[in-house]
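A quick write-up on the structure given underneath.
The values are calculated or read from the model by the stated rules, or taken from the named source; none is laboratory data. In this text, all values refer to a predicted model and were calculated from it rather than measured experimentally. Neighbour counts run over all protein chains shown; Cβ positions are idealised from the backbone, glycine included.
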Amino acid sequence: MLKRIVEFMFEVGMLKRSPRTGYPFLGSGGESVADHSFRAAVIGYVLASMEPDADRDKVILMCLFHDFPEARTGDHNYVNKKYVIVDEEKAVHDQVQGLPFGDEISQLISEFNTIGTLEARLSKDADQLDLILELKEQLDLGNSQAGEWLSFALKRLLTESGRRLAAEIMTTKRDAWWFDKKTDWWINGPKNSPSINGD
């Protein structure tokens, strides 16, 4: 049993080395599937916290688990999906076979994909909001094509909470959290450090 669990942990580690494949079409940016899933889970936590009726833990787990099959199938972007049919259900089945918690993982991924619950819709929005954040960053860095992609990503949002967050993302600069231009810190530095002249 432990051996099977360890094999699964090695497999999930493949997501750290599995690139998201849409970025070459965008012409800039890049991330692994694991990078994406991590921030999607954080976004899921935030979205579920905005919805008093949501099961926050379930949303977080869906966000973490939703791309597990890509350890076996790879990531397929919108162009790939025109030509390649991925049997994600079989990938998940094979992936979790023999795991004591395999049924839970399989059920959460299935719920995510069928979008029949509030938790699934929030998780889907978290998935899209991570992409929206990435595209906004590329737009801020000068890739005008990211703006075209954003217009489609914004239309895929399913919840009011997701749409509210997206609207705020679109009006916030990617570096606003650290680059406060309203202070003299960028000229004089911290008040308790020596001056540039060494005084």
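Among the listed residues Glu119, Glu111, Glu168, Glu104, which satisfies the condition of being over 17 Å from Glu31 (Cβ atoms), more than 18 Å from the chain's Cα centre (by Cα) and part of a helix (DSSP H, G or I)? Walk me through it before giving the result.
Numbers: Glu119 fails: more than 18 Å from the chain's Cα centre (by Cα); Glu111 fails: more than 18 Å from the chain's Cα centre (by Cα); Glu168 fails: more than 18 Å from the chain's Cα centre (by Cα).
Only one candidate passes the filter, namely Glu104.
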Any residue in the stretch 122-135 that's under 18 Å from Ile109 (Cα atoms): show its pairings with residues that are surrounded by fewer than 22 Cβ atoms within 10 Å (Cβ to Cβ) and among the β-branched types (Val, Ile, Thr) at Cβ separation under 7 Å, as long as the two are six or more apart or on different chains.
Leu122/Thr159; Lys124/Ile115; Asp125/Thr159
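Condition check: under 27 Å from Arg4 (Cβ atoms), assigned to a helix (DSSP H, G or I) and not polar (S, T, N, Q). Does Arg163 satisfy that? Walk me through it before giving the result.
Details: under 27 Å from Arg4 (Cβ atoms): no; assigned to a helix (DSSP H, G or I): yes; not polar (S, T, N, Q): yes.
For Arg163, the condition - under 27 Å from Arg4 (Cβ atoms), assigned to a helix (DSSP H, G or I) and not polar (S, T, N, Q) - is not met.
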Search result, residues across the stretch 122-146 that are over 18 Å from Pro24 (Cβ atoms) and of a type outside the set (D, E, K, R)
Leu122, Ser123, Ala126, Gln128, Leu129, Ile132, Leu133
Within the stretch 145-156, count every residue that is surrounded by fewer than 20 Cβ atoms within 10 Å (Cβ to Cβ) and either in contact (Cβ under 8 Å) with a residue 40 or more places away in the chain or part of a loop (DSSP other than H, G, I, E, B) (or both).
2
Give the stretch 4-19 a look and list any residue that's in contact with a strand residue (DSSP E or B) (Cβ under 7 Å, 6 or more places away or on another chain) and either surrounded by 17 or more Cβ atoms within 10 Å (Cβ to Cβ) or aromatic (Phe, Trp, Tyr) (or both), or say none.
Leu15, Ser18
Kindly evaluate Ile132 against the criterion of being surrounded by 22 or more Cβ atoms within 10 Å (Cβ to Cβ), modelled with pLDDT of 95 or more and among the aliphatic types (A, V, I, L, M).
yes
Name every residue in the stretch 27-74 that is touching a residue at least 40 places away in the same chain (Cβ under 8 Å), of a type in the set (Asp, Glu) and under 25 Å from Glu137 (Cα atoms), in order of residue number.
Glu31, Asp67, Glu70
For the stretch 86-109, check the following and say yes or no: at least one residue is touching a His at 6+ places or on another chain (Cβ under 8 Å), under 17 Å from Leu129 (Cβ atoms) and modelled with pLDDT of 95 or more.
no
Selection from the stretch 57-72 of residues that are crowded, with 18+ Cβ neighbours inside 10 Å and not in a loop (DSSP other than H, G, I, E, B):
Lys58, Val59, Ile60, Leu61, Met62, Cys63, Leu64, Phe65, Glu70, Ala71
